[in-house]
1. Probe radius 1.4 Å, ligands and nucleic acids ignored: give me the carbon and sulfur share of the accessible area of region A:173-271 as a rounded percent.
2. Ignoring ligands, DNA and RNA, please state the percent of accessible area on region A:110-150 from carbon and sulfur, probe 1.4 Å.
3. Just tell me how shielded B:98-106 is by partners: mean number of partner chain Cβ atoms within 10 Å of each residue's Cβ, no decimals.
4. Count the net charge of all other residues whose Cβ sits under 11 Å from the Cβ of A:VAL276, scoring Lys and Arg as +1 and Asp and Glu as -1.
5. Given Cα pairs under 8 Å that are at least 6 residues apart, what percent is the relative contact order of chain B?
6. What distance in nm separates the two pseudo spin-label positions at B:HIS357 and A:LYS216, each 7 Å out from Cα along the beta-carbon direction?
7. Can you tell me, using C-alpha contacts under 8 Å and at least 6 residues apart, the relative contact order of region B:101-252 as a whole percent?
8. How large, in Å, is chain B by the Kirkwood hydrodynamic radius built from its alpha-carbon pairs?
Amino acid sequence: MKYHKNIPQKVIHRYLRHDKKFPHVWCPGCGNGTVLGDILRAIYHLGLTKDEIVMVSGIGCSSRMPVYVDFNTLHTTHGRAIAFATGIKFANPKLKTIVITGDGDATAIGGNHFIHACRRNIDITIIIINNNIYGMTGGQASPTTAPGKFATTAPYGAIESNFDICNLAIGAGASFVARTTAFHTTEARKLFEKAFMKKGCSVIDVITQCPVAYGKRNNLSTAVQMLKWQKEQTIPKAAYDKIPEEKRKGKVIRGILHEDDKNEFTAEYQKLIEKVQK
Amino acid sequence: MSTVKKNNYTKTPVLMQGNEAVVQGALDAGLTFFGGYPITPSTEIAEILSAELPKIGGRFIQMEDELGSMASIIGASIAGRKSMTATSGPGFSLMQENIGFAMMTEVPCVVVNVQRGGPSTGLPTSPSQGDLMQARWGTHGDHPVIALYPDSILECYALTIRAFNLAEKYRTPVILLMDEVLGHMRESIILPPKDQLNIINRIPPNVPPEWYRHYKNNPKYISPLANFGEGYRFHITGLTHDEKGFPTQKLDEIQAKMDKLQNKIKDNLDDLIQIEDFYMEDAEVAIFAAGIVARSAKEAVKQARAKGIKAGLVRPLTIWPFPDHDVETMLETSKSIIVAELNQGQMINEVKRVTSHLPHKKFHKLQKYNGELITPEEILKKITEVK
């Protein structure tokens, strides 16, 4: 299949559910739709069939994503998407299992499942839509809300340290770890393609804007301001490595941050089955 | 009401532990996926399955916790495998939210709870029947459950198979409640030839994918079930949903969903309820007991009869839905009812509820919650007191 880069809407429409009533639940200016578009274009570009894709999510704004797309879709309980996905992938390793989750869903309530999926290196792709806030419940602090930033439950500014999702995933043992933003759509699409095809646990931290619940409390009250921040304050890994230490402050690295070929869980279990049955 | 089948199996006897019998029953029922987290006194189930499942090409995964265990077996069932987890009291508490998810999304799976003393960490190696109400009302929201309660090693085997059959047939999680003593006790049992087993599998859709509605209602309230990856693409959500599985807030659709969950149990009680009566034909003193307590009660009934006391036993194999009608009928003629249980009184209220309109009933409780069993002697003493 050829990628129709000039008519991106048409690509997206192929994957939306015709029997699902729109509009979607997301606020104006939200980054979730952009990321969903990137995911769909990556799927189209790779030529994956709708039947082989399972999209699993937890609870939160971004976790509403699966309802709109024509795959095998599962919207689970808060924080447990990765554990459900583990069951699906392990039960039928042929299924391309994609988890859509938010920063709160994946790293707070679901933190245990997140690190263990990385440790197990099970072949699922975890896309963390990271807006540094609990959007759906109205703007409470999340584990990625940086110290000093404001939230409804951090009215004087957060005082806890925040997770670096990528470092967490690398430390826990994921095979593919990358970061991108809602602004860098082409880069996001390419990273998704790599992640979907990677054998092993792949984690992508996607920085997205939530002008409504995060931005307005933190001097970035419009989507444009927030996208501008994503454009100016993030920097590709290669460029980051070259700049001097003093210029790195406040910059966020993008791109592939880690990749290896360590043993993947479902394949290892298949080997175990063959060994036991011999 | 269906009665308990007598053991007419033909093979040679095997010495088996309750937890082992659960494993054997699960494998014979078609289990190919187990996700679990170790907890006493259910641990042997996970241990044995970790060895057995790869032999048949099945899947065993030791999850990071009970929340993940429950999630993994729901995921596996959605992908087409018969799946199970096994746990005990505290782990069962942790599974509740996802058990509710399986209820709401109508995903078949089996949850074994080998009960231990509680609350909290409680008595890990002592028996208790403290989770009866947790099995019934542990999750939030409002829905019925199916829970089975064996009293012997053979029944651990048979009711595990039955749990899978009911799960597949009614598209719902099924809970197997066990006593710690049963999990660890060994008995010599005769297993049935495999070709004599009645194994029920989920009903696949009989329409093309584009016509398929995941929750389509029908007179029996049970919808055909497609698996992920088979060309039937659909949405599953724990949000209240319509027949297609999409979230809804329409009043009539909400009501229809809630009624469906309720009615698929309520309208099939004949199929779901199993209950045993023992010397109840002319019993003046009736004992109501489940699981391991019912075994003590059987012995007590025999001893009482030898003394000329007309005693009998009613024992539910299906504890939820509670066998209202059968309990009422069986207890109709007896004057005194002793409810014996290893807790501070969970079953007695159910028995009182269903027999409240019967005249001249005297209720007696025999409750023990110190981690010890109720002995036949204790029950016999109570029978003699109240006769």
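The values are calculated or read from the model by the stated rules, or taken from the named source; none is laboratory data. Owing to the predicted nature of the structure, the values given are computational and were not obtained by experimental measurement. Neighbour counts run over all protein chains shown; Cβ positions are idealised from the backbone, glycine included. When the accessible area is computed, the model is the full protein with side chains, heavy atoms only, and any ligands, DNA or RNA have been set aside. Shrake-Rupley method; radii C 1.70, N 1.55, O 1.52, S 1.80 Å.
1. After summing per-atom areas, the C and S share lands at 54 percent.
2. Here it works out to 58 percent.
3. Working: counts 5, 0, 1, 5, 0, 0, 1, 3, 0.
Per residue, the average neighbour count from other chains is 2.
4. Values: positive: A:LYS271, A:LYS275, A:LYS278, B:LYS55; negative: A:GLU274, B:GLU52.
So the environment of A:VAL276 carries a net charge of +2.
5. Values: 832 pairs, mean separation 65.7, N = 387.
About 17 percent, as a whole number.
6. 5.7
7. Details: 229 pairs, mean separation 34.8, N = 152.
Dividing the mean separation by the residue count of region B:101-252 yields 23 percent.
8. Taking every pair of different Cα atoms in chain B, averaging 1/r and inverting gives 21.4 Å.
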